[in-house]
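The structure appears below as C-alpha cells.
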Amino acid sequence: MNDDDQKTPTPERASDDNRLSIVGIGASAGGLEAIREMLSGAAPDNDLAYVVVQHLDPNHESLLAELLARQTSLNVRQVNGGETIEAGNVYIIPPAYGLSVKNGVLELTEFAQPRGLRRPIDDFFESLAVDQGRFAACVILSGTGADGSAGLRAIKEHGGLCIVQDPKTAKYDGMPLSARNTGLVDFVRRPSEIVETITQFYAHSLQHTVDAQIANSVSDTLPDICSVVRNFVGHDFSGYKTSTLIRRVQRRIQVLDMADASAYLQHLRSDPQECELLFRDLLINVTRFFRDSEHFETLRQVCVQPLIRDARDDDEIRVWIPGCSSGEEAYSLAMLFAEEARIQKRSVNIQIFATDIDEQMLRIAREGTYPQAALADIPEGMRDLYSVARDGRFQIVSRIRDMIRFSLHSVVRDPPFSNIDLVSCRNLLIYFGDRLQATALPIFHYAIKPRGILFLGPSETVGRYDHVFSPIDQQARIFRRNEGRPEYPVHLRGKDSNQSGPRRRPATDSAPSTRLDWNDDDSIDRLTEKYAPPTMRVSAAGEILKTGGRLGKYFDFSGNSETNRFAPSTARPGVREAVSAIIRQGARQKRRIVSRDLVAQSEFGEQPFELIAEPVGDGTILLIFRERSRFEPLDEDEFEELDPMDGHVQSLEDELRSTRIRLHTTVEELETANEELKSSNEEMMSMNEELQSTNEELSTVNDELKSKVDELSVANSDLSNFFASTALPLVVVDETMEIRNFTDAITAIYPFRVSDRGRPLTEVTSTLRENEAVLDATQDVIADGEPRHLRVGDREGQRTWSLVVTAYRTRDGVQSGATLVFTEITNALRLEEALRHEGERLRLALDVSGLGVWECDPDTKTMRVDKPGSAILRQGEGSLALRRFIRTVTLEDREGVETALNAAMDDGRPLDLTFRLSGSGPRFTHVRLVGHRVSGQGNTRLLGVIFDVTNEQEARSIREMMLREMNHRMKNMFSIISGLVRLAGRNTDDVSELVDNIQARISALARSHDLTQRGPHTEGLPFKEVVGVALQPYENARSDIRYEGPSLRVSREDLTAMSLLLHEWATNAAKYGVLNASGGRLEVTWKEQQNGEIVLEWNEYHSDTVEVQQDGSGFGSTLIQLSASQLNGRVQTEVSGNLRKMVLVYEPQERA
Amino acid sequence: MSNGTVLICEDEFVVALDLQMMIEDFGFDTTGPYASVEEAISVLPGNLPDVAVLDVSLKDGEVFPLADKLQEQGVPLIFHSGHVYDHEIFERYPGAACCQKPVNMALLQDALMERTAVRAAS
C-alpha cells in the first residue's frame, strides 16, 4: 500500500472512501489449518472483513471460532444472524446454517437441500457477489469436492476478486483444483500470501478518486480494447453492455496492478495471453442444469409435450441453443425431450444445435462430464437414466450427447439456423446492449419457424419485438413466434468486411434508425418508386417507417429530421387532417379504410386524391395515395386568396406539432430512463442468477473433521476417566515443573488437591524418601528428553515404587514437560524375596542330593538340563537336542528310554526309569530319570530330576552275588553233614556214639567255619588258627599242647578237609593218648618245603611207650585218608618209643 | 548183576564218598568220584558210563565241558548241585535230571533207575 501511495499523488481519503471489502473464505476438509495460516498474518487495521464458510456438521457444536481466535489478532466471532459486517472482523458460519449477505448484513439461511448436497460456499459467494460487487473477494482453501467453484464464477462476474490456495499446499486439493480449473481464478497463492494479495488488489479500490479515474479511462479506451480483442479473438464485444465491460476491464487492471486503462491497453496489445484472459473474463456467465426448474416444467408442458405429440414419424424437431456455454442447458433440454419421448413412447428425431463463441467452453460441453455436485440439479427421475458415474464425476450418457451438436457460432455475426422449433437463449441477452439485443431478436424471428417457441431467461424480454413474439407464459419467458414471413436479417451481409476502425459507442445508436434501414429487393424498390401509387408505411403512432413512390405532393420533408419522423407533422395542408384521422382509425379498426375526395395543397398546386389505409399484419399501416385527377398548378392569385383562417389553423397546428414534439421528446426521455432502469434491473437479476447456482457437495467431507473431533472427545473422556479411576499414580508437569495433571491415585505419594494444578512440584511435600532424586531426575528429563528409571520408597519404608520419568511431548513432537509414572512394587519385591529364599533352599537340597533338574520341550525337541544334571550326563550345561540326549544312553537302553519319554508326553504317564549311560568303561554309569508331564500356558513339557545311581546299582549286584555264594556254601555244608551222617551210620550201630562222633565233627566244621567269618580271607587262614581251632576242645586238659610254625596259610578250599583231618587226629589223641588224663605232650609244627609242598607234623609224646594199635574206628581212618586225598596229599604214621608221629604232606592249591 | 556204571564227579570228598556208597547200594558200579573236570574227561575214552552224576562246581571250574562231552555220547546226566537252578540245566541239557544238595536218596535212585531204564530200553 505504501508503494501505491507513492506512485499516485496521495488523495485525501475521506471517511466514506474507506470502502469495506468483504473476503469470503470457503474451506472444508483440511481448511482449519489453511485458515489459520492465512489469517495469522492479517492485520486488523485495513478495510477488510472476513467471512469464513466452512463445511460444518449440523449436529455438532463448532469450535472453529475458538480455535481461530488464538491464531489471529482479528476479532473472531461465530455468526448469529443480523451482524453488520465491519472491518477487522472474522465471521464464522455457524453449524447447520447457510450464510448470505444483504446490504452488508449477514443473514443465516436454512438449507433447502439434504446433507451431502449442500453447497454453502457457493451460496455465500453468490450472495456476496450480488451484494458487494467488485468489493467482494473470495478465497477457496483446502477441501474435497467442488464447492466454491460455482460461487467464484459469480464473484468474478460481478467484478470481484478470486484467489485460490495453491493446491500443492492444500491438505485436500479437490476444491482448489476444481476452482483453478474453471480458468477464472485471479491468483493462486500459498495461504500465508493471500491476505497480502487481497490488500494489494483493493489498494486501488479503497481510494475512491483513483477508482473513478480508472473507470473513466476504461470507458475512454473501451472501443480500442474491444477492437484489440476483436482482432485477436475475432469476437466483437462492442455491442455488449458498457457497464459490464467497464467493470470487467477494470478488474483486469486491478489484478495486474496497473495505473490506468492506457497502460492496460498497451499490455493488451503486447500480450495475446492477456487478450485470451480478458475474453474469458468477459464471457463469464453462470449456467447449470435445469436452471429455474419451474420454468423448464412450464416449457415441458407448453412446448416439449406438444412438439413430441404432434411430430410425425419423419419429422425432425429442431432446437437451437445459442450461447450454450459449458452445455448444461443443452443437456437439460435434451434430457427433457428424451424423457418426454420415453413417456409418450414415441421415437422422434430430435436435433439440438448448441452454439457458443468460446471454444474452450464447447470442449467442456462436448465431453459432457460434470462434478458430482451438479447431479443434484437434475430431476431425480432423470439422474439414473441419463448420467453415469465416472471417477467422482458424472457423465451424460452418450444417447443424450448424440442428440446435440455443439459448434462454434456467434448469434450476431454468423448466419443463423433456420426452421427451428424451439430457440432457448437464456441469460445471454442480458449481457447485450440494446443494439445487440435488437439485432439478435430478428435473427431469432428468422430462425424460428412460424408458431415456434422462444425460451428466454427470467430477466429477459423480447422488448420492442412483442409484435412478432407473443407471450405464452410471461413468468417463464416463453414466447410464440407469429405467423409472419421470416425476414432475413440484412445486417449480417458482409458486415465483417465493412467494419473497421473504432465503432461508435453503442449508447449513441438509436434504435429507430435501424428500422429505416430496412430494404427490400431492388426490383420491388424500382416498382414502388416508378409505377405504384405513392405509399407510406407508418406505425400506429404515425411514425414513418417506410416510404414508396413520389410523396412530395403530399408531404413536406423540408423541416428538421426530428419532425420528419411523423407523418401528420410533415403532411401538406389538406392531407394532414385526413392522414391523422385515418391512422387513428386504421389502428383501431384494423380494416381497410378509404378517405375520398381529398385535395392536397402545396406551394405549386392542388392534387385531388383518395387516401387508403391498409393495416398490415404487424400493427403498422400502409397509406396509399391514389390520384383522382390531374394536378392543377396554382395561379398567382391564389396566394392572395389565401384564407386567413388557414393561417390560424396553420399556426394552431404548428403549435400542436411543436407541443407534440416536446411531448414526444419527453416520452422518449422517459423511455430511455425506463430502459436504463430496466437494464439495471436486468443486471440485478443476472446477479441474482448466480446466487442460485450453488454447490452442496462438500459437507460430507466435513464428517472427517467431525469424526476427528468425536474421536478426540472420546479420547478426552477416556483420558479423564483414566485419570480418575486408574490406580496408577501419575503426575504430569510442564517444562517449569508446574503440575499440569495427576491421577487420583497419586495422593498416596503426593497429597495433591485439585487446586494444586499449576503449583511447582518442588513446593509440594511428598512421602518419598528420595524426593530430591525424583525432582532432579524430572529436571534432567525435561532438559534432555531421555527417560529415567528410579526406585523410590516412602519414609516408613513400607512401600516401594518403580518410577519412570518420561518426556511429555505435544502432538507435534515438541517436548513440554515430563510425565512421572509410579508403579507400586512392594508386593512384587516381597514375592521376589520369598521366591529367592525358596529357590535357595531348593538349590541347596538339589546340590546335596546331587539331583539334576531337567525339562523337556516336545515342540522344540530339546532337553534343558541344569548344571548337576549336565555333569551326570557328561554334557555341556544348558539345552541339548533330544536326539543328543538319547545318544547318551547305552544302545540297549535307548529304545526303552524313548518309549518311556513318549508315553509320558502323550499319555501323561509318570516317568521313572533307570538306564546306563553309553561309554566303554568296565563300569557303566547308572542314571535314574524321574519326571512327569506339566501343562501350562499353552505348552506341555516334561519336568523332572535326574541322578546317578551307579553306586546303589553296584551294591545291589554285590549283595546278590554274596547271597548266591552263601546259599552255595550252605548247601555244600548240608551235603557234607548229610554225607558224614550217612557215612557214620554205616560204621556204627551205637546210636549215642554215632551222635557224639557226628556232633564232634560238626562242631569242628563249625569252628573252622567260624574262622572264615573273622576277617578277610582271600588269602586263606593262618595255619596256627586252624590248628588252634581243632584243638580247642582240649585246651582245658592238663596235657601240654604246643603248636608252632611259620605264618603259612590254609586256603579256603583246603579248610574243610584240613579241619576234618585235624579233628580226627585230635579225637584219636584224646581217646588213646596224649590228650586224655594219662598225661603226655602234643607238638604240632608245619613248614613249607622248597617244592612248595607243606609239611604238617603231629607229634604225640606219650608218657608210656606207645602201643601199636589198630587204626581205631575204621571210619575215622577213612576220613583221614579221604581228607588227605582231598588235600592232594598223603599221611604217614610213625611210632617209635613213646612218640607217635603223624605227617601230612600236601600241595596247597587255589581253586582254578 | 549190576544195574550199570555211574560216573561220579564231586570235589567234596565226604559227599563224594557218600554218593559212591549210596549208588553202589542201589546196585550200580561206579567210576570216580572225580574231583576235577580234567580228571574225569581223561578217563572217559573207553570207559563210557551208562549215566553220570555231576556236581556243577568242581575244583577246576564248572562241569559243563564234561557234561557236553557226555551228552554228545548219549550219556544221561544227573546234576547234583547246590547253586544251579533246574531251568538253566534243562535249557542246556534237555532230559537231564537235577538233584539238589543235600541229596535225597529216593530222588537220586529214581533218577538213576529212570535214566538207565530208558537207556536199556532204547
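The values are calculated or read from the model by the stated rules, or taken from the named source; none is laboratory data. Quantities reported herein were computed from a predicted structural model and do not represent experimental measurements. Cβ placement follows ideal geometry from the backbone for every residue including glycine, while neighbour counts extend to all protein chains displayed. Note: accessible area is taken over every heavy atom of the protein model, side chains too, but ligands, DNA and RNA are not part of it. Shrake-Rupley method; radii C 1.70, N 1.55, O 1.52, S 1.80 Å.
So here's what we get for this one:
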item: Positions within the range A:247-259 being without any contact (Cβ under 8 Å) to a residue 60 or more places away in the chain and surrounded by fewer than 20 Cβ atoms within 10 Å (Cβ to Cβ), in sequence order; result: A:Leu256, A:Asp257, A:Met258
item: Filtered residue count, the range B:4-31, keeping only those that are away from chain A (no Cβ under 13 Å) and touching a strand residue (DSSP E or B) at 6+ places or on another chain (Cβ under 8 Å); result: 9
item: Residue identified as more than 10 Å from chain A (Cβ to nearest Cβ) and touching a His at 6+ places or on another chain (Cβ under 8 Å) among B:Val53, B:Val43; result: B:Val53
item: Meets criteria (open to solvent by 30 Å² or more (accessible area, probe 1.4 Å), at pLDDT below 80, in contact with a Leu (Cβ under 9 Å, 6 or more places away or on another chain) and not aliphatic (A, V, I, L, M)) for A:Gln1132; result: no
item: Number of positions in the range A:893-920 that are exposed (fewer than 13 other Cβ atoms within 10 Å of the Cβ) and free of Cβ contacts under 8 Å to residues at least 12 places away in the same chain; result: 6
item: Any chance A:Arg426 is open to solvent by less than 20 Å² (accessible area, probe 1.4 Å) and among the basic types (Lys, Arg); result: yes
item: Top-ranked residue in the range A:973-989 [being facing chain B (nearest Cβ under 7 Å) and open to solvent by 30 Å² or more (accessible area, probe 1.4 Å); ranked as nearest to the chain's Cα centre (by Cα)]; result: A:Phe974
item: Some residue of the range A:190-210 being open to solvent by less than 50 Å² (accessible area, probe 1.4 Å), over 22 Å from A:Cys138 (Cα atoms), modelled with pLDDT under 80 and part of a helix (DSSP H, G or I); result: yes
item: Strands (runs of 3 or more DSSP E) wholly inside the range A:851-967 containing at least 2 residues that are over 28 Å from A:Arg841 (Cβ atoms); result: A:911-916
item: Filter result for B:Phe79 (among the aromatic types (Phe, Trp, Tyr), farther than 27 Å from A:Gln1121 by Cβ and either more than 14 Å from chain A (Cβ to nearest Cβ) or in contact with a Phe, Trp or Tyr (Cβ under 6 Å, 6 or more places away or on another chain) (or both)); result: no
item: Evaluation of A:Arg280 against (1) modelled with pLDDT of 80 or more; (2) part of a helix (DSSP H, G or I) (one fails), failing number; result: (1)
item: Counted residues, the range A:1121-1143 - those being among the acidic types (Asp, Glu) and within 14 Å of another protein chain (Cβ to nearest Cβ); result: 0
item: A:Glu960 vs. criteria acidic (Asp, Glu), within 13 Å of another protein chain (Cβ to nearest Cβ) and over 60 Å from the mean Cα position of the chain (by Cα); result: yes
item: Residues within the range A:283-307 that are part of a helix (DSSP H, G or I) and surrounded by 20 or more Cβ atoms within 10 Å (Cβ to Cβ), tallied; result: 6
item: Filter result for A:Ala373 (within 43 Å of the chain's Cα centre (by Cα) and over 22 Å from A:Asp281 (Cα atoms)); result: yes
item: Hits in the range A:810-831 - residues which are open to solvent by 50 Å² or more (accessible area, probe 1.4 Å) and touching a residue at least 12 places away in the same chain (Cβ under 8 Å); result: A:Gln815, A:Thr823, A:Glu824
item: Scope the range A:786-803; condition out of contact with any Ser or Thr (no Cβ under 7 Å at 6 or more places or on another chain), at pLDDT 85 or above and in a loop (DSSP other than H, G, I, E, B); matching residues; result: A:Glu786
item: Subset of the range A:317-353 that is assigned to a loop (DSSP other than H, G, I, E, B) and hydrophobic (A, V, I, L, M, F, W, C) - its residue that is surrounded by the fewest Cβ atoms within 10 Å (Cβ to Cβ); result: A:Val348
item: Index of the failed condition, A:Val934 passing every other in (1) more than 60 Å from the chain's Cα centre (by Cα); (2) open to solvent by less than 50 Å² (accessible area, probe 1.4 Å); result: (1)
item: Hits in the range A:434-458 - residues which are closer than 25 Å to A:Glu676 by Cβ and open to solvent by 10 Å² or more (accessible area, probe 1.4 Å); result: A:Asp434, A:Arg435, A:Leu436, A:Gln437, A:Ala438, A:Thr439, A:Pro442, A:Pro458
item: Residue count, the range A:774-804 (criterion: more than 18 Å from A:Ala748 (Cα to Cα), of a type in the set (A, V, I, L, M, F, W, C) and surrounded by 15 or more Cβ atoms within 10 Å (Cβ to Cβ)); result: 3
